[in-house]
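The values are calculated or read from the model by the stated rules, or taken from the named source; none is laboratory data. Note that the structure is a prediction, hence the values are computed from the model and not measured. FYI the Cβ positions are ideal-geometry reconstructions off the backbone, even for glycines, and counts take in every protein chain you see. What goes into the accessible areas is simple: the full protein's heavy atoms, side chains included, and nothing from ligands, DNA or RNA. Shrake-Rupley method; radii C 1.70, N 1.55, O 1.52, S 1.80 Å.
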Amino acid sequence: MAPAFRLTTRPAVSENMSQFTVDFSAERAGLQRLHFLSVPGAPEIDVSGCFVCDNTVRVAWQPASEADAEGEGIVGRIEHYELEYRKTNRDSLLRAAGEACWEKIPDIRDTHVTISGLKFDSRFIIVRVRARNKAAAGEFSEPVTLETRAYNFGLEAATAHVELQVRGNTVTWEPQGVKGHDPRLRGKENKSRSATPSPNKMAGSRAGRDRFAGESYTVLGDQEMTGGCHYWELHPLDDWKSFSVGVANRASLGRFDQLGKSSGSWCLHASQWLQSSLAAKHNNRAKALDWPLPQRIGIYCDYDNGELSFIDVDRLHLLHSFKTKFSQPLVPAFTVWCGGITITTGLQVPSFMGNFLSTNRSLSNLSQ
């Protein structure tokens, strides 16, 4: 690459040869005519223009004025912006050991950007932005912390029926033989359960007491709900035959109880075994739902207002809503028979829920 200018010298000698001089007046004049771009000033994040919704974060900012630029030169046109963000569980801006590093979104041409596809598995997200002109990138803006609280839970494998395999957020039905399906053996299990065991037997079997058995192919979530609004989604795997999804009061759900057949559990049951069916179940009562089997189900629980809703997310249709009064802690609950399901947690309550709750609420007498 050719240099911007060349320095040439014109040696001159005094009459008595005592001094040598170099004339670079022409080069100096050329340098004085150059204009150098200053580093852009730091933008200012507009907190009022930032919001969190539908597992996205929108960040807006104002560019710095030319007077805020470093030096006395001209700032020049802003080529683009760069935004960095990271997740944290503290409202402090200091990064704790083990927390996530900065993630970058480059080449932003507007003064706003939407960060999408997020999983809100932390309480906060910290964002900062800087401008870049043709010469260099400026300083980052003051970081801003945005709250991204969402409902996160895992599957409590210790509660899973012996024929359910829990791998991360996926549950599959993997039968271990005919023993688990023999109702005569299940009857013996019920009988032995009702008998009073000896102290030694109680101590030895306590670890497995919470595992579901018999025909209750169930697993529970590991985080309780005692207030607020919560949302998560379920996706049946390709080979699914039957599943139920809902919430349950852990204390009132026995090892052999099936979801929807007790007063402390509410669920949506879907089946395509022999024939397709969809029903809402609670307290051993069922209401058939006239709707195609969904492939993506959203579950919304408003604990304080006693509402549990199921949504066909792909078709944006409210499948069913229970209206009741929750008085005990609840946990997510799932039943799988033949096939499997995957759950998605860390989701904000989606914006479309507002329309369902205000204009299309379907309350059931099953919850009375």
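Can you spot a residue in region 309-326 that is free of Cβ contacts under 8 Å to residues at least 40 places away in the same chain, outside any loop (DSSP other than H, G, I, E, B) and over 20 Å from residue 344 (Cβ atoms)? No, region 309-326 contains no residue that is free of Cβ contacts under 8 Å to residues at least 40 places away in the same chain, outside any loop (DSSP other than H, G, I, E, B) and over 20 Å from residue 344 (Cβ atoms). Selection of region 230-253 for residues being among the aromatic types (Phe, Trp, Tyr) and not in a loop (DSSP other than H, G, I, E, B) yields 231, 232, 243.
If you go through region 275-296 one residue at a time, do you hit one that is over 27 Å from residue 354 (Cα atoms), in a loop (DSSP other than H, G, I, E, B) and without any contact (Cβ under 8 Å) to a residue 24 or more places away in the chain? Yes, there is a match, as at least one residue in region 275-296 is over 27 Å from residue 354 (Cα atoms), in a loop (DSSP other than H, G, I, E, B) and without any contact (Cβ under 8 Å) to a residue 24 or more places away in the chain.
Hey, among 262, 242, 271, which residue is of a type in the set (Gly, Ala, Ser) and either open to solvent by 20 Å² or more (accessible area, probe 1.4 Å) or at pLDDT below 95 (or both)? Exactly one residue qualifies, and that residue is 262. Residues of region 35-53 being surrounded by 15 or more Cβ atoms within 10 Å (Cβ to Cβ) and under 24 Å from residue 121 (Cβ atoms), which ones? Within region 35-53, 45, 50, 52 qualify. Residues in region 282-303 that are open to solvent by 50 Å² or more (accessible area, probe 1.4 Å) and of a type outside the set (Phe, Trp, Tyr): 283, 284, 285, 286, 287, 288, 290, 292, 295, 296. Pairing residues of region 137-148 that are more than 20 Å from residue 63 (Cβ to Cβ) with residues that are open to solvent by 40 Å² or more (accessible area, probe 1.4 Å) and part of a loop (DSSP other than H, G, I, E, B), at Cβ distances under 6 Å and at least 6 apart in sequence or on separate chains, gives 145/91.
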